[in-house]
Amino acid sequence: MGYDESKNREKMEKEQAVLERRNSKAGCGIKDLHCHIMEPYALCPIRDFRQPCAQNADQITRILQTCGLEALCIPAITLYEEPDFACNALSLYAKLLLPERIYALAGLRRYLNREDNRDMLEQAKRLMAAGFDGFKMICKPNARRKFKLSIDDEIFDPFYEEAEKEQWPILFHVGDPASFWDREKVPVWARENDWYYGEDRNIPSYEELYREVETVLKRYPGLRITFAHFFFTSERLDYAAGLFDTYPNICYDVTPGTEMYLDFAARPEETAEFFRRYRERFLFGTDNAAQAGEPAVVEANLQESMEKISWMRRFFETEEEMEVDGFRVRGIALDSETLECLYRKNFERFFHYRAPAAVDKEAAVELMREMSEQMKCESDEAQKTKELLVELESIFQNY
């Protein structure tokens, strides 16, 4: 069957009505900490990479408005692959389009040669000056096959020191579910994506990754970090409690991972009590990602974004049974005070109760120009990314 705009629009309007009713019932709207503007080339299976374009920024604003969000934050991922080099620029463009409601966390350029990474602090200062609100950092294990530096390598210390001093907000993805290191438990789909790590000597063990993080936190205990995906510790609430009790600025986001919600649902009373006890430590996030293209792609992207927010809200607000990625789970029905912290208050606290930083267009253009000049364009994806940077530079100059 072909794309039926009227039926899709009707379905979307029904989903919007459900979200509006939930907003009213909860007494507050939602601020989404974790909404991507593009899929990262360096981390996703190549077959899943969708070449971004300027319309990705428009689509982010549509996700915000269609899903009834009060605000959202874009975590930019730059790393070391050239097809990702437009992510920061796209994120700043989205901030220009909706400046009072969109935050963005800059992706720091990483280099495969260790010594080249000594510019991390300089990068960070220039990105903040251009209008970012903090930083997205990522240590997904498959990236360590190419990027060999540990999280606690001293070459990053000047950045961590300044981040602690300035209280820069950092959203940090560390690791993956523990099952990805276990031959017997790794999901088939994860193995197909080359995300089985148990026998790969180029990848640290699950435990080693956490030791690296703990080393950084001991050196810089005041860092303002929210760990993405519940820090992949949904099976270890005692470990999470220890972190929260030791480090006052550490938070988790509840961005899925299916395994998180299966773990939560397996111990609903314990999980609900944990959320109540540490209600100021959890932020709402979805992992929704903007997709541009044909109308069918755009509308499906909006529909999927709404559906994810809808089932997540049902999980946190009710004891209803629902399906999550093929599994049946029952919600944990948090109280209204905990929901307000999860949905809005903790987001505001994470960003120091400030409005999104204003974009400095001249500084942004300079960063785009420098990034473009560094590119070697050895693939079609990289060449298209360079063309996008040139297009965005023109947009900024004429905005």
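Nothing in this text is a laboratory measurement; each read-out follows from the coordinates by a stated rule. Remember, it's a predicted structure, so these values are computed and weren't measured experimentally. All Cβ positions, glycine included, derive from the backbone under ideal geometry; neighbour counts span all protein chains shown.
Give the shape of region 184-322 as rounded, prolate or oblate, defined through the alpha-carbon gyration tensor: a ≥ b ≥ c are the square roots of its eigenvalues, a/c under 1.5 means rounded, and otherwise the shape is prolate if a/b is larger than b/c and oblate if not. It comes out oblate by the Cα gyration axes. Using the Karplus relation 6.51 cos²θ - 1.76 cosθ + 1.60 with θ = phi - 60°, the per-residue 3J(HN,Hα) values for region 332-340 come to 10, 6, 6, 6, 5, 5, 5, 4, 5 Hz, with x marking Gly and Pro. In the chain, helices alone account for a calculated mean residue ellipticity at 222 nm of -14000 deg cm²/dmol, with every DSSP H run of four or more residues adding -39,500 (n - 2.57). 3J(HN,Hα) along region 68-78, derived from phi through the Karplus expression 6.51 cos²θ - 1.76 cosθ + 1.60 where θ = phi - 60°, amounts to x, 7, 6, 7, 8, 10, 9, x, 7, 10, 10 Hz, with x in place of Gly and Pro.
Rounded to the nearest Hz, the phi-derived 3J(HN,Hα) couplings of region 172-185 under the Karplus curve 6.51 cos²θ - 1.76 cosθ + 1.60 (θ = phi - 60°) are 10, 8, 10, x, 7, x, 4, 5, 6, 9, 10, 4, 7, 10, where x marks glycine and proline.
Using alpha carbons only, how many angstrom separate the centre of region 339-375 from the centre of region 131-195? Rounded to whole Å, the Cα centres lie 20 Å apart.
Cross-link partners of Lys146 among aspartates and glutamates, defined as those whose alpha carbon lies under 12 angstrom from its own and excluding same-chain residues fewer than eight positions apart: Glu81. Contact order, relative form, for region 216-327: 22 percent (alpha carbon pairs under 8 Å, 6 or more residues apart, mean separation divided by residue count). Distance between the 7 Å Cα→Cβ label points at Tyr353 and Lys148: 4.8 nm. Pairs exceeding a 30 Å alpha-carbon distance, out of Lys95/Lys148; Lys125/Lys308; Lys136/Lys376: Lys95/Lys148; Lys125/Lys308. In plain terms, the chain from Ser205 to Arg118 could stretch by 28.7 nm, reckoned as 0.36 nm per residue minus the Cα-Cα distance.
Amide H contacts under 5 Å for Phe135: Ala106, Ile170, Leu171, restricted to partners 5 or more places along the chain or on a different chain, H placed in the peptide plane at 1.01 Å from N. Summarising the amide proton neighbourhood of Cys251: residues at separation of 5 or more, or on other chains, whose placed amide H is nearer than 5 Å comprise Ile225, Thr226, Phe227. Counting only whole DSSP H helices of the chain, the ones at least 30 Å long by C-alpha along their axis and with mean Kyte-Doolittle hydropathy no lower than -0.5 are 295-317. The alpha-carbon of Lys165 sits under 13 angstrom from the alpha-carbons of these aspartates and glutamates, leaving out residues fewer than 8 places away in its chain: Asp157. Taking amide hydrogens as placed 1.01 Å from N in the peptide plane, the amide H of Val174 sits under 5 Å from those of Cys139, Ala228, each at least 5 positions away in sequence or on another chain. Each of Glu378, Glu259 has some number of other Cβ atoms within 10 Å of its Cβ, and from fewest to most they run Glu378, Glu259.
Neighbouring Cβ atoms within 10 Å as the yardstick, rank Leu79, Leu342 fewest first. Can you show the working numbers first?
On the way: Leu79 22, Leu342 25.
Fewest to most other Cβ atoms nearby, the residues stand as Leu79, Leu342.
Rounded to the nearest 20, the Cβ-based charge dipole of region 5-398 about its Cα centre (Lys and Arg +1, Asp and Glu -1) stands at 500 debye.
Defining a contact as two alpha carbons under 8 Å apart and six or more residues distant in sequence, what relative contact order in percent does the chain show? Please report the intermediate quantities before stating the final value.
On the way: 680 pairs, mean separation 87.4, N = 399.
Computed over the chain, the figure is 22 percent.
Between Glu184 and Ile395, the FRET efficiency from the beta-carbon distance, with R0 = 45 Å, is close to 0.35. Residues of region 94-112 with an amide N closer than 20 Å to a point placed 7 Å from the Cα of Cys377 along the Cα-to-Cβ direction: none.
Note on region 5-398: antiparallel DSSP beta bridges, both residues inside, total approximately 15 percent of the bridges counted.
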